[in-house]
Amino acid sequence: MDEINQMITTCKETRLEKVAELITEIERLLEEPEQEFNGEYKNSIEELSAKDGLGKTYGQPRRFAQERLRSEMTKCEEAQKGVDKLLAKLATLCHKSFNEYSQDFDYSKEKQSLSI
């Protein structure tokens, strides 16, 4: 009977060792894919943020550049309006000089503007 008890105890210990090994293996297998996924996820988010200019790190420079571009475009549009206005005034003056003035016209009576 002692032999049988000894065999049962030995089998029980062997089985407990195998169960412990399997438990540690399962825990490792559960943990590794999660860590790999989280690492890949963080890399993907970082790449996407860099590509699209999102987030605190990459979004700030993009917004700053866009604001500078908008302000420069506004300045250019205002300058273009000024140039268009001056060209219209020049066209009016040219038309006036060719059509309204003759050789005996007295230019001293004409109002002189020093500003453009």
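The values are calculated or read from the model by the stated rules, or taken from the named source; none is laboratory data. For clarity, every value in this text was computed on a predicted model and none was experimentally measured. Here Cβ is always computed from backbone atoms with ideal geometry, including for glycine, and neighbour counts include all displayed protein chains.
Annotations
- Some residue of region 41-52 being in a helix (DSSP H, G or I) and over 30 Å from Gln66 (Cα atoms): no
- Condition broken by Phe105, with the remaining ones in (1) surrounded by 10 or more Cβ atoms within 10 Å (Cβ to Cβ); (2) at pLDDT below 80; (3) assigned to a helix (DSSP H, G or I) satisfied: (3)
- Among residues of region 52-102 being at pLDDT below 85 and of a type in the set (Lys, Arg), the one that is surrounded by the most Cβ atoms within 10 Å (Cβ to Cβ) is Arg62.
- Residues considered: Glu36, Glu17, Glu40, Glu13. Of these, the only one that is of a type outside the set (S, T, N, Q) and under 30 Å from Pro61 (Cβ atoms) is Glu40.
- Qualifying position, being in contact (Cβ under 8 Å) with a residue 24 or more places away in the chain and of a type in the set (A, V, I, L, M), among Leu86, Leu22, Leu48, Leu69: Leu86
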